[in-house]
1. Quick check: anything in the range 68-79 in contact with a Leu (Cβ under 7 Å, 6 or more places away or on another chain) and within 19 Å of G16 (Cα to Cα)?
2. Against the definition (free of Cβ contacts under 8 Å to residues at least 12 places away in the same chain, in contact with a Leu (Cβ under 8 Å, 6 or more places away or on another chain), exposed (fewer than 15 other Cβ atoms within 10 Å of the Cβ) and of a type outside the set (D, E, K, R)), how does F36 come out, yes or no?
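What follows is calculated from the coordinates using simple rules that are stated; it is not laboratory data. Please read these numbers as outputs of a predicted model, since none were measured by experiment. As a convention, Cβ positions derive from the backbone with ideal geometry for all residues, glycine included, and neighbour counts pool all protein chains shown.
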Amino acid sequence: MEPTEKRKKRSVLTGGMILIALGVLIILHKMAVWPFSQSWPLLLIVIAFGTLIQRFKDFGGWVIGCVGLIFLAAENLDVRIYAIAQFLLPLLLILVGINLLLKYRRKKQAGDETEE
């Protein structure tokens, strides 16, 4: 299968999931069950889920999912987002740094194995 065909299939999967979620959220809003102003972060979570189904190690998918969860909590659980935000940037910097170190270590180990 060509890379462009794989990309199309991924787009169709994620796009279909987004449309289904959007339709459900609109119905819930129209029925006055869950206002769209509180449920929209689920779209970010669906995008992340669609991305991670296809490629679990996709860093962007994890970031989008975390942002969706933060906004979902902020909109529905009366969480003050600024309280989370003051720790979010340092936490993200730590995670990116760990990710870089792990990638470096894997490359170094792969290089050592090829030299043997």
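1. Scanning the range 68-79 turns up at least one residue that is in contact with a Leu (Cβ under 7 Å, 6 or more places away or on another chain) and within 19 Å of G16 (Cα to Cα).
2. Answer is yes for this residue.
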